[in-house]
1. In the set Arg83, Arg69, Arg33, which member is surrounded by fewer than 16 Cβ atoms within 10 Å (Cβ to Cβ) and either of a type in the set (Asp, Glu) or within 30 Å of Thr131 (Cα to Cα) (or both)?
2. With (1) part of a helix (DSSP H, G or I); (2) polar (S, T, N, Q); (3) surrounded by fewer than 22 Cβ atoms within 10 Å (Cβ to Cβ); (4) touching a residue at least 60 places away in the same chain (Cβ under 8 Å) as the list, and Gln199 as the residue in question, which single condition is left unmet?
3. Would you pick out the residues in segment 232-251 that are over 16 Å from Glu315 (Cβ atoms) and surrounded by fewer than 22 Cβ atoms within 10 Å (Cβ to Cβ)?
4. Looking at (1) outside any helix (DSSP H, G or I); (2) under 23 Å from the mean Cα position of the chain (by Cα), which one does Gly149 not meet, given that it meets all the others?
5. Is there a residue being touching a helix residue (DSSP H, G or I) at 6+ places or on another chain (Cβ under 8 Å), surrounded by fewer than 16 Cβ atoms within 10 Å (Cβ to Cβ), part of a loop (DSSP other than H, G, I, E, B) and touching a residue at least 24 places away in the same chain (Cβ under 8 Å) anywhere in segment 98-108?
6. Here are some residues: Leu207, Leu125. Which one is surrounded by fewer than 21 Cβ atoms within 10 Å (Cβ to Cβ), in a helix (DSSP H, G or I) and in contact (Cβ under 8 Å) with a residue 60 or more places away in the chain?
7. Does Ser179 satisfy being over 30 Å from Thr91 (Cβ atoms) and either surrounded by fewer than 20 Cβ atoms within 10 Å (Cβ to Cβ) or in contact with a strand residue (DSSP E or B) (Cβ under 9 Å, 6 or more places away or on another chain) (or both)?
Amino acid sequence: MTTTNLPEPLLRVKNLVKHFPIKGGLLGRELDRVHAVDGVSFELTAGETLGVVGESGCGKSTTGRCILRLIEPTSGEVWFEGRNVTALDKTELRALARDMQIIFQDPYASLNPRMTVGAIIGEALIIHKLTRTRAEFEARIVELLETVGLSADHMRRFPHEFSGGQRQRIGIARALAVSPKLIVCDEAVSALDVSIQAQVINLLEDLQAKFGLTYIFIAHDLSVVEHISTRIAVMYLGRIVELATANALYTRPLHPYTEALLSAVPIPDPEVKRKRIVLQGDVPSPIHPPTGCHFHTRCPIRQLPLCSTESPALEQAADGHWVACHLRR
């Protein structure tokens with residue numbers, strides 16, 4: 001898949017697949033598989049933010065972690081600046097980690113409670129040998145703390161002394177320590193209060209403008225990704241079902257699943273009414289996903305047997321707007 005009118009991509013993901021084996025019995029044989037990610041492809045240009053949204057369990061976080069090889073993909077390719085990430089050995093991957101970082105979802109679980117904030121942020125500086133003296137090391141940590149809105153005296157404190165929003169700022173500083181080009185924000189604001197979410201999103205936007213960062217911003221709430229994202233990918237049961245610019249997705253969604261997600265987003269204007277689309281049934285099990293289009297069991301416009309037998313490819317319906325639906329191309 002090629003995105004039109006864009007320069008050479010920083011990141012290219014091709015047919016990414018991740019299946020988790022389910023083992024059992026005395027011999028630990030593979031009994032079945034969880035189809036977490038099922039053929040995801042997209043491209044990402046430097047300086048862009050790709051929002052990835054969908055219900056819990058759709059494969060968003062697994063996709064992000066497979067890109068960084070925190071989880072080994074079952075198949076597919078990830079290309080970063082022309083290098084095949086999926087083919088790198090451990091030494092090469094460690095060197096590449098300077099350019100690709102992650103901000104984790106839970107600010108309470110992602111920081112080691114036994115380490116000071118300075119040690120947490122500075123760990124990557126030591127691993128990658130980015131500072132030469134103790135004074136240079138501490139100066140860099142102070143610089144990072146101030147960059148994310150914290151102060152120098154926070155350096156010698158422990159994570160339990162901070163609020164959730166402050167802890168997430170520490171996580172952001174840790175990701176920034178090695179001057180990365182790509183940051184995967186794995187539901188980085190979902191555990192925070194709404195007011196704090198806005199502060200962290202504004203911080204991420206400021207950092208992107210200052211350092212030329214590229215983001216994959218994973219969230220389950222479309223209202224969260226609307227303002228920060230350049231483009232948005234909507235996932236359902238391990239597949240991307242729609243990919244478009246943020247403006248196009250919000251003003252003219254094509255996939256019925258995207259329409260249902262958008263209908264649940266609150267509108268602050270009481271004069272504006274939006275018809276609520278309630279999907280029937282539950283999300284099918286990723287162990288045995290439906291045949292054909294994975295969404296056909298809940299789709300209000302499905303046409304059988306087409307939708308239940310043939311899997312729709314992600315194809316371009318308009319300039320820069322891609323959809324995987326037999327009826328909306």
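Read-outs throughout are calculated quantities, based only on the coordinates presented, and are distinct from any laboratory measurement. Source: prediction; values computed, not measured. With ideal geometry, Cβ positions are generated from the backbone for all residues, glycine too; neighbour counts draw on all protein chains shown.
1. On the way: Arg69 fails: surrounded by fewer than 16 Cβ atoms within 10 Å (Cβ to Cβ); Arg33 fails: either of a type in the set (Asp, Glu) or within 30 Å of Thr131 (Cα to Cα) (or both).
Being surrounded by fewer than 16 Cβ atoms within 10 Å (Cβ to Cβ) and either of a type in the set (Asp, Glu) or within 30 Å of Thr131 (Cα to Cα) (or both) holds for just one of Arg83, Arg69, Arg33, which is Arg83.
2. (4)
3. The answer is Thr245, Ala246, Asn247, Tyr250, Thr251.
4. Result: Gly149 fails condition (2) only.
5. For segment 98-108, residues touching a helix residue (DSSP H, G or I) at 6+ places or on another chain (Cβ under 8 Å), surrounded by fewer than 16 Cβ atoms within 10 Å (Cβ to Cβ), part of a loop (DSSP other than H, G, I, E, B) and touching a residue at least 24 places away in the same chain (Cβ under 8 Å): present.
6. On the way: Leu125 fails: in contact (Cβ under 8 Å) with a residue 60 or more places away in the chain.
The match here is Leu207.
7. Numbers: over 30 Å from Thr91 (Cβ atoms): no; either surrounded by fewer than 20 Cβ atoms within 10 Å (Cβ to Cβ) or in contact with a strand residue (DSSP E or B) (Cβ under 9 Å, 6 or more places away or on another chain) (or both): yes.
No, not satisfied.
For (1) aromatic (Phe, Trp, Tyr); (2) over 21 Å from Thr214 (Cα atoms); (3) surrounded by fewer than 19 Cβ atoms within 10 Å (Cβ to Cβ), each residue gets a yes or a no:
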site	(1), (2), (3)
Thr116	no, yes, yes
Thr133	no, yes, yes
Phe137	yes, yes, yes
Thr147	no, no, yes
Pro159	no, yes, no
Gly164	no, yes, yes
